[in-house]
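The values are calculated or read from the model by the stated rules, or taken from the named source; none is laboratory data. The structure displayed is predicted, hence computed values, not measured ones. All Cβ positions, even for glycine, are placed from backbone atoms using ideal geometry, and neighbour counts span all protein chains on display.
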Amino acid sequence: MGKKEAFSKMSEALQEGDADALVSALNEVLNDTEPLELIHDGMMTGLKKVGEAFSAGEIFLPEMLMAAEAFQEGMKVIEPKLAEAGKQVKSTGKVVFGTVVSDIHEIGKNIVITLMKTHGFDVIDLGANVSPTTFVQEAERANADVVALSALMTTTMTYQRDTINYLKERGLRDRYIVLVGGGPVDAEWAEQIGADGTSTSAVGAVEIAEKLIAQKGGAS
């Protein structure tokens, strides 16, 4: 199998969420192809199409999750080769992500996290019911670029403001890009509480994170 054909099969396998087919295509060219080339020209091509299809409403969360899982399986095959070559895949950025305290909704957060991972973000998922102090502690521990705060209820969205205020109290606000999201959250609220951005869609959230990190001078 030629390289071009293998890359095409990788892209197709990802779009179908077929981890076995992806690994099979990878193994065909693994020993005579640069590992970064396998990621960027093979797997990322397919993931980009998955993201576009999800954005257009042509596929839904289960298909997106299958593609993300297939990608992770592919990375397990490539990572030893990367280690041998002494190379690392450059992270788009590091994100600490959680649903705010007293809110237990996670579906929206998980969709955004899945998309972020397929765009090269290193995401630390703090789960739900996360306090301002936990957000800040984990952001510091991870040396994060982005703190993402999800809130799905009008009664809990005020904790997004509390977390931003806690960052200010600690003198850490300027260190992080703070994104807020969730059903009741809009641009007006984001501006009011001093967040850096929000989006009504998962795809939009990823785009905003990429843009703001680029403006800040890249991932830390």
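Just a yes or no: is a residue in the stretch 179-190 more than 17 Å from the chain's Cα centre (by Cα), outside any helix (DSSP H, G or I) and at positive phi?
There is no residue in the stretch 179-190 that is more than 17 Å from the chain's Cα centre (by Cα), outside any helix (DSSP H, G or I) and at positive phi.
When both residues are 6+ apart or on different chains and their Cβ atoms are under 9 Å apart, which pairs have a first residue that lies in the stretch 165-179 and is more than 19 Å from residue 215 (Cβ to Cβ), and a second that is of a type in the set (A, V, I, L, M) and surrounded by fewer than 17 Cβ atoms within 10 Å (Cβ to Cβ)?
Between residues of the stretch 165-179 that are more than 19 Å from residue 215 (Cβ to Cβ) and residues that are of a type in the set (A, V, I, L, M) and surrounded by fewer than 17 Cβ atoms within 10 Å (Cβ to Cβ), the close pairs are 166/172.
Does residue 78 count as modelled with pLDDT of 85 or more, β-branched (Val, Ile, Thr) and touching a Pro at 6+ places or on another chain (Cβ under 8 Å)?
yes
Which condition number does residue 10 fail, the rest of (1) at pLDDT 90 or above; (2) surrounded by fewer than 22 Cβ atoms within 10 Å (Cβ to Cβ) being met?
Single failed check for residue 10: (2).
Looking at (1) out of contact with any strand residue (DSSP E or B) (no Cβ under 7 Å at 6 or more places or on another chain); (2) surrounded by 14 or more Cβ atoms within 10 Å (Cβ to Cβ), find the lone condition where residue 181 falls short.
Single failed check for residue 181: (1).
Would you be able to tell me the number of residues in the stretch 114-128 that are more than 12 Å from the chain's Cα centre (by Cα) and either surrounded by fewer than 17 Cβ atoms within 10 Å (Cβ to Cβ) or in contact (Cβ under 8 Å) with a residue 60 or more places away in the chain (or both)?
Going through the stretch 114-128 one residue at a time, the tally reaches 1.
Would you confirm whether any residue within the stretch 13-36 is touching a helix residue (DSSP H, G or I) at 6+ places or on another chain (Cβ under 9 Å), among the aliphatic types (A, V, I, L, M), part of a helix (DSSP H, G or I) and modelled with pLDDT under 90?
yes
Kindly check whether there is at least one residue in the stretch 126-135 that is assigned by TED's automatic domain parsing to the domain that holds residue 208, closer than 9 Å to residue 96 by Cβ and assigned to a helix (DSSP H, G or I).
Within the stretch 126-135, one or more residues are assigned by TED's automatic domain parsing to the domain that holds residue 208, closer than 9 Å to residue 96 by Cβ and assigned to a helix (DSSP H, G or I).
Count, please, the residues in the stretch 81-113 that happen to be outside any helix (DSSP H, G or I) and either touching a residue at least 60 places away in the same chain (Cβ under 8 Å) or closer than 11 Å to residue 151 by Cα (or both).
Going residue by residue through the stretch 81-113, those that are outside any helix (DSSP H, G or I) are 86-106.
Those still in the list that are either touching a residue at least 60 places away in the same chain (Cβ under 8 Å) or closer than 11 Å to residue 151 by Cα (or both) too: 90-95, 98-106.
Total satisfying the criteria: 15.
What is the one condition in (1) closer than 25 Å to residue 72 by Cβ; (2) surrounded by fewer than 16 Cβ atoms within 10 Å (Cβ to Cβ) that residue 170 does not satisfy?
The single condition residue 170 does not satisfy is (1).
For residue 71, which of the numbered conditions (1) closer than 24 Å to residue 145 by Cβ; (2) in contact with a helix residue (DSSP H, G or I) (Cβ under 7 Å, 6 or more places away or on another chain); (3) touching a residue at least 60 places away in the same chain (Cβ under 8 Å); (4) part of a helix (DSSP H, G or I) fails to hold?
(3)
Enumerate the pairs (first residue in the stretch 28-56 and more than 25 Å from residue 86 (Cβ to Cβ); second residue anywhere and among the β-branched types (Val, Ile, Thr) and outside any helix (DSSP H, G or I)) with beta-carbon separation below 9 Å, excluding pairs fewer than 6 apart on the same chain, so at least 6 apart or on different chains.
50/59; 53/59
Take the stretch 137-171 and flag every residue that is assigned to a loop (DSSP other than H, G, I, E, B), of a type outside the set (Lys, Arg) and on the phi < 0 side of the Ramachandran plot.
Answer for the stretch 137-171, where residues must be assigned to a loop (DSSP other than H, G, I, E, B), of a type outside the set (Lys, Arg) and on the phi < 0 side of the Ramachandran plot: 144, 145, 151, 152, 153, 154, 155, 156, 157.
Going through 92, 33 one at a time, which residue ends up being of a type in the set (S, T, N, Q), within 20 Å of the chain's Cα centre (by Cα) and surrounded by 18 or more Cβ atoms within 10 Å (Cβ to Cβ)?
On the way: 33 fails: within 20 Å of the chain's Cα centre (by Cα).
After ruling out the rest, the residue left standing is 92.
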